[in-house]
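Structure, as structure tokens:
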Amino acid sequence: ILHQLANLMRRKFGGKLNISSKAFAMDCRKKLSTEITDFRQHIRELKMERKVLYPRLCEPVVTDVLPALRQQHQDLFIYTSELVEAIRQHSPLQDQGAIDEVISFLDACAELLHFGDLSILDIPFLCMDVLGPLMAPDNFPCHLIGKQDGKVKKADILYAIQQFQSLCKKSFSVHIDTIIRLLESFELTFLVEGTDDTYMFPSHLPFKKVADMWKRDDRNKVYVGRRVKCSSETSLISPGAFSLFQCRACVRLHRQAQLWRNGIIIIRAKTVRTEVQCLVIMTIPLGAVDIVCHSGVGCEKECKALLEDVMTLWLNVIEEHSPGTEYVRDSIPEQETYE
């Protein structure tokens with residue numbers, strides 16, 4: 001079946017995609033299996049066959065400097081100053097401005113990850129050995145433990161990484177504060193307000209029914225809503241986009257927003273007695289998102305302003321994390337919004 005599917009894809013997209021002639025069936029929970037090892041080796045072979053044309057200034061850095069540094073450093077992070085010095089010693093580049101441009105270009109090409117005063121030279125290592133156990137579901141051998149409604153202690157984040165190290169028999173220094181900064185910059189987590197060691201991971205929240213989370217307030221008379229959905233029934237928004245949106249909404253709009261895996265309630269207070277609430281729900285699978293705001297009489301302006309802020313936030317997430325997805329924006333009928 002896999003070969004038939006590959007042949008079909010090759011016939012339809014062969015002119016635009018470089019499709020491998022091999023097919024692999026793998027259990028992604030078994031990271032040390034023969035199948036996954038063979039697949040990784042095949043990816044390396046394909047990468048060696050594919051000739052990437054880099055600008056002349058970048059070529060010695062990619063072919064000489066980065067491979068040498070990867071062999072020398074078993075750690076996840078390297079100081080950017082050390083990377084700059086290695087580039088000066090082993091390439092014609094000497095000017096700081098030119099070196100900064102090369103590092104920025106290679107960061108955009110995913111040859112390395114530039115993170116402030118630190119750089120990561122092995123991105124697959126970062127994704128599989130560090131982020132992998134932190135984002136893995138509970139049925140994986142290594143995953144975050146001690147989750148309470150998506151909230152995780154810093155100590156549990158460190159334990160998950162060390163557990164994976166032990167299982168895979170790998171050793172590298174764990175700079176836990178730097179890793180958390182990295183998770184926050186990727187919008188995978190954020191610090192829970194009022195704590196200094198507890199982090200929220202929206203992707204680990206349970207799914208819930210909207211009726212269990214959203215209680216209609218008959219005192220509110222103003223209801224406005226918008227629906228953002230894929231223009232094609234066969235299209236889907238990137239699955240991780242909604243949890244990224246939840247992180248961004250909590251950090252920028254409301255730290256104490258009510259969260260569950262497929263929804264979020266954002267509250268913006270107008271006065272001590274009056275508040276505007278915004279409910280955002282994703283459909284399963286993620287083909288559409290409904291945004292509904294409601295408030296009491298006299299808060300129409302604030303209600304529409306919150307709707308626009310949330311809508312803009314969600315559209316920005318789609319553009320950044322699900323590029324190429326075509327979508328349409330519709331108004332939700334008043335009665336449906338009220339219900």
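Hey, what's the Cα Rg ratio for the stretch 178-228 versus the globular rule of thumb, 2.2 N^0.38 Å? Kindly include the intermediate steps, with their values, before the conclusion.
Working: Rg = 16.5 Å, N = 51, 2.2 N^0.38 = 9.8 Å.
Taking the Cα Rg and dividing by 2.2 N^0.38 Å, one obtains 1.69.
Modelled label-to-label distance, L8 and T63, 7 Å Cα→beta-carbon offset: nm?
4.2 nm
What is the magnitude of the charge dipole of the stretch 65-166 about its Cα centre, with +1 placed on the Cβ of each Lys and Arg, -1 on the Cβ of each Asp and Glu, and no other charges, expressed in debye to the nearest 20?
Details: 6 positive and 14 negative charges, 91 e Å.
In debye, rounded to 20, the stretch 65-166 gives about 440.
Based on the Cβ-Cβ distance of K30 and R70, what FRET efficiency does E = 1/(1 + (r/R0)^6) give at R0 = 30 Å, to the nearest 0.05?
Values: r = 26 Å, r/R0 = 0.86.
Result of the calculation: an efficiency of 0.70.
So what is log10(I(q)/I(0)) for the chain at q = 0.09 1/Å, when the Debye sum runs over its Cα atoms only?
Relative scattering, expressed as log10 I(q)/I(0), comes to -0.65.
Once you have all Cα-Cα distances for the stretch 106-241, histogram them in 10 Å bins from zero and send the whole-percent values.
9, 32, 30, 19, 9, 2, 0
What share of all Cα pairs of the stretch 227-277, in percent, falls into each consecutive 5 Å distance bin?
The calculated distribution, bin by bin, is 4, 17, 21, 20, 16, 11, 7, 3, 1, 0.
Can you give the extra length, in nm with one decimal, that the chain gains between R56 and C109 once fully stretched, where that is 0.36 nm per residue apart less the Cα-Cα distance?
Values: separation 53, 0.36 × 53 = 19.08 nm, distance 1.48 nm.
Net length gain for the segment: 17.6 nm.
How large is the charge dipole for the chain, taken about the Cα centre, if only the Cβ atoms of Lys, Arg (+1) and Asp, Glu (-1) carry charge, to the nearest 20 debye?
Numbers: 42 positive and 44 negative charges, 208 e Å.
The dipole magnitude comes to about 1000 debye.
Per DSSP H run of n ≥ 4, the term is -39500 (n - 2.57); total these for the chain, divide by its residue number, and report the mean residue ellipticity at 222 nm rounded to 500 deg cm²/dmol.
Computed ellipticity for the chain at 222 nm equals -11500 deg cm²/dmol.
Would you work out which of T37, L183, S166 lies farthest towards the positive end of the dipole of the chain, given +1 charges on the beta-carbon of Lys and Arg and -1 on that of Asp and Glu, about the Cα centre?
It is T37.
Taking a probe of 1.4 Å, how large is the accessible area per residue of the chain, in Å²? The partial results should precede the final answer.
Numbers: 19660 Å² over 339 residues.
The answer is 58 Å² per residue.
Along the three principal axes, how long is the stretch 194-310 when you take its alpha carbons, biggest first, rounded to the nearest angstrom?
Between the extreme Cα coordinates on each principal axis of the stretch 194-310 lie 42, 40, 25 Å.
At a 1.4 Å probe, what is the % contribution of carbon and sulfur to the accessible area of the chain?
With neighbouring chains kept in place, the figure for the chain is 52 percent.
Convex hull over the Cα atoms of the stretch 38-117, averaged projected area in nm²? Before the final figure, lay out the partial values.
Values: hull surface 23.3 nm².
Projected over every direction and averaged, the Cα hull of the stretch 38-117 covers 5.8 nm².
The values are calculated or read from the model by the stated rules, or taken from the named source; none is laboratory data. Note that the structure is a prediction, hence the values are computed from the model and not measured. Cβ coordinates were reconstructed from backbone atoms using ideal geometry, including for glycine residues, and neighbour counts include every protein chain displayed. With ligands, DNA and RNA removed, areas are computed over all heavy atoms of the protein, side chains included. Shrake-Rupley method; radii C 1.70, N 1.55, O 1.52, S 1.80 Å.
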